[in-house]
Amino acid sequence: MIRGNVVLCGKICNTAALKPNKEGEVFTNFTVKSCLPNGAGNTKDCYVFVRKKGGTVDELKQYPVDTLVKIAGILTFRKSKEELYMNLIAESITCFEGEMETEISGEIEFYGTIGTVPTLRDDKHGNKYLYFSGFSSEQSGEERVFTWVRFIRFSMQKEEFLEKGNGIHLVGALDILFYNGRLSLGCRFKEVLPWGKKKGESE
């Protein structure tokens, strides 16, 4: 499981609408266009599907297309084939006039499996950091999909349970960007805990 506690800044890019869920609860729905880093000095547009519990036809008038918004909420990810999609459950929505820098910032929480060997590396200034990648899996239709996250911690500490194949629970600062045209998730973390099964244990 991967989810973020984030602030999304961007521009509404489709007409807001009211839609019920399976239980009949009504949600306000629209899409926000933001932008993320895409190589040195470049950015690329990304799209986040937003929904907020409740709403009326009159309230939809607050969210016309091209409105700048700042939205705090819970960010989740859905992977289909090789594409990663973002969904945000809004807790608060603030509309702005004028200009505003568009971005996605906040913390990410990860439950999953270490997929590469954690190693200590040196940055260009000679400072040590710990680096590895992990994956979280979920069922998407008939397919099992895997979402990977890059992890980095500026410290020489390496816990004994940090081994490829072990399960971990980790929280840290979200680092999201485009790499080779696709969304790529990263996390700058300070603490990590063992979670779930260790490598070699049966399901």
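Annotations for the structure displayed:
- Sum of side-chain charges, Gly73 neighbourhood, beta-carbon under 12 Å (Lys, Arg +1; Asp, Glu -1): +4
- Once both labels are positioned 7 Å from their Cα atoms along Cα-to-Cβ, the gap between Lys70 and Asn21 label points is 2.7 nm.
- Probing with 1.4 Å while keeping every protein chain in the model, the per residue accessible area of the range 104-145 equals 54 Å².
- In the context of the full set of protein chains, residues of the range 45-96 present 58 Å² of accessible surface per residue (probe radius 1.4 Å, heavy atoms only).
- Selection among Thr94, Ile152, Cys9 by position relative to the dipole of the chain gives Ile152 as farthest towards the positive end (Cβ unit charges, Cα centre).
- Residue (of Gly24, Tyr63, Asn38) at the positive-pole extreme of the chain, dipole from beta-carbon charges: Asn38
- Dipole magnitude of the chain, debye to nearest 20 (Cβ charges: Lys/Arg +1, Asp/Glu -1, about Cα centre): 380 debye
- Radius of gyration (Cα atoms) of the chain, expressed as a multiple of 2.2 N^0.38 Å: 1.14.
- Extension gain for Arg51-Asp123 works out to 21.9 nm (0.36 nm per residue, less the C-alpha to C-alpha distance).
- Counting only lysines at least 8 places from Lys61 when in the same chain, those with an alpha carbon closer than 30 Å to its own are Lys11, Lys19, Lys22, Lys33, Lys44, Lys52, Lys53, Lys70.
- Under 18 Å from the Lys198 label point (7 Å along Cα→beta-carbon), backbone N, the range 153-191: 158-169
The values are calculated or read from the model by the stated rules, or taken from the named source; none is laboratory data. Fair warning: this is a prediction, and the values are worked out from it, not measured in the lab. Because the Cβ atoms are built from the backbone with ideal geometry, glycine has one as well, and the counts that use them run over all protein chains shown. These accessible areas exclude ligands, DNA and RNA; they are computed on the full protein's heavy atoms, side chains included. Shrake-Rupley method; radii C 1.70, N 1.55, O 1.52, S 1.80 Å.
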